[in-house]
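See below for the structure under consideration.
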Amino acid sequence: MTSTIDPSVNHAIQSGDSCNSDLKQGPWFLDTPGMPDTYGPGASQSDPIPVHSPRQQVLPPKYQGLSDEELHQKIRDAKATLGDRVVILGHFYQRDEIIAHADFVGDSFQLARAAKTRPEAEAIVFCGVHFMAETADLLSSPEQAVILPNLAAGCSMADMADLDSVEDCWEQLTEIYGDEVLIPVTYMNSSAALKGFVGQHGGIVCTSSNARAVLEWAFERGQRVLFFPDQHLGRNTAKAMGIGLDQMPLWNPNKPLGGNTVEELENAKVLLWHGFCSVHKRFNVAQIEKARAEFPDVHVIVHPESPMEVVDAADSAGSTDFIVKAIQTAPAGSTFAIGTEINLVQRLAAQYPQHHIFCLDPVICPCSTMYRIHPGYLAWALEELVEGNIINQITVDAATADPARVALERMLSVVPLANGNTK
Ligand code: SF4
């Protein structure tokens, strides 16, 4: 069976088929004075946005209202003029209209490492979200400028854990645990400040591909782990390692002792931060049951940022890279129901027409912040580079960068699972 899904999420959104009709507008309308501060339409539209999250200045009017083709031409021309002086990175969850111009496409860490293969590039234009651009800055050379085309492209999950709240949590926990060692583990989807925090406190960074190996590393060094910001990746990974749910209390930073008793904390092995991804939180077991009822031979793959009951009900769970490889290596005629961001799912459906590939969520609801990177912003950033101007540069200060790199290097010393299946 071949897929009949339109390859472009934008096309579906423009025809009015999405979770919020505001997605049809150019994202610059969100940056105009007087608009409420939100992540914008899409999966994170109901999440509270931190007061100090970066804002984007309004896109210069000359880029607004241009047709897709006019913007594509501007991007192509600027890129041709810049040549090797620029490298464009496109995250899997970006819209196709951005991916069309990317030199590398991948997950956040693959992209940050890919940029290292282009040392001659003066500018790394990261079409993704804020923490990804920070990681690229940590791993690139000091001469290279990392640019995020739209500064408002943050990540609602990363924003759910800030340095002050984590330090406050750490103080409370270390007081309770005394001489017992607590290892902090931060998911790649976190600010550079938190990567620096874990680097300073004997901790480590993980990705969705290597979370289990990282937790094993942590338990070789301490009795307990504080895992942030994604509770679901932490819970799914620890559960697969045989850790009981009663040993994984949730830490709510807005409550004393995170909402736990001292006894519950003394019984804990993995403390899970109260964070989540609003894209992956949309998946549920009923969607899996429906897919199986309609397609008895369906293979359900979900990302481990999905809730535990969804991961338990799926056939397999793994990182975006795992999902892509599972589809690449499947026999022709396979049917896949995928639980991850819609842009990646529909691109895979278009790239692998020998399979039937569909998203578990029937509603088109992209990541709000990935969607903020519109071709208009990419054209603007590139044309400014042609003029010799660097806009929207993301830099991590040295005091944060040094321990953050230590935490990343520890992660690189840990061997990832062979196939990334987290089940
Ligand atoms: S998909 Fe989820 S984790 Fe990824 S950038 Fe969007 S909100 Fe953040």
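The values are calculated or read from the model by the stated rules, or taken from the named source; none is laboratory data. All values derive from a computational prediction rather than experimental measurement. Ideal geometry is used to build each Cβ from the backbone, glycine not excepted, and the neighbour counts take in all protein chains shown.
Quick notes on this structure:
- Boolean, Ile147 is away from the ligand (no atom under 12 Å from the Cβ), touching a residue at least 60 places away in the same chain (Cβ under 8 Å) and β-branched (Val, Ile, Thr): yes
- In this structure, Thr329 does not satisfy being touching a Phe, Trp or Tyr at 6+ places or on another chain (Cβ under 8 Å) and modelled with pLDDT of 95 or more.
- Subset of the range 229-280 that is among the basic types (Lys, Arg) and touching a residue at least 60 places away in the same chain (Cβ under 8 Å) - its residue that is nearest to the ligand (Cβ to nearest atom): Arg235
- Check on Leu226, crowded, with 24+ Cβ neighbours inside 10 Å, modelled with pLDDT of 95 or more and not in a strand (DSSP E or B): no
- For the range 189-211, filtering for residues that are modelled with pLDDT of 95 or more and more than 16 Å from the ligand (Cβ to nearest atom) leaves 10.
- Among the helices (runs of 4 or more DSSP H) confined to the range 233-330, the ones with at least 2 residues that are buried (at least 18 other Cβ atoms within 10 Å of the Cβ) are located at 285-294, 308-313, 320-328.
- Note on the range 333-365: residues that are touching a residue at least 40 places away in the same chain (Cβ under 8 Å) and part of a strand (DSSP E or B) total 6.
- Near pairs, Cβ below 6 angstrom, 6+ apart or cross-chain, from the range 116-137 (more than 13 Å from the ligand (Cβ to nearest atom)) to any residue that is among the charged types (D, E, K, R): Glu120/Asp84; Glu122/Arg85
- Among residues of the range 158-187, those that are away from the ligand (no atom under 16 Å from the Cβ) and either part of a loop (DSSP other than H, G, I, E, B) or not β-branched (Val, Ile, Thr) (or both), counted: 18
- The residue that is nearest to the ligand (Cβ to nearest atom), counting only those in the range 366-384 that are outside any helix (DSSP H, G or I) and touching an Asp or Glu at 6+ places or on another chain (Cβ under 9 Å), is Cys367.
- Pairing residues of the range 292-305 that are not assigned by TED's automatic domain parsing to the domain that holds Cys206 with residues that are more than 16 Å from the ligand (Cβ to nearest atom) and basic (Lys, Arg), at Cβ distances under 7 Å and at least 6 apart in sequence or on separate chains, gives Val298/Arg292.
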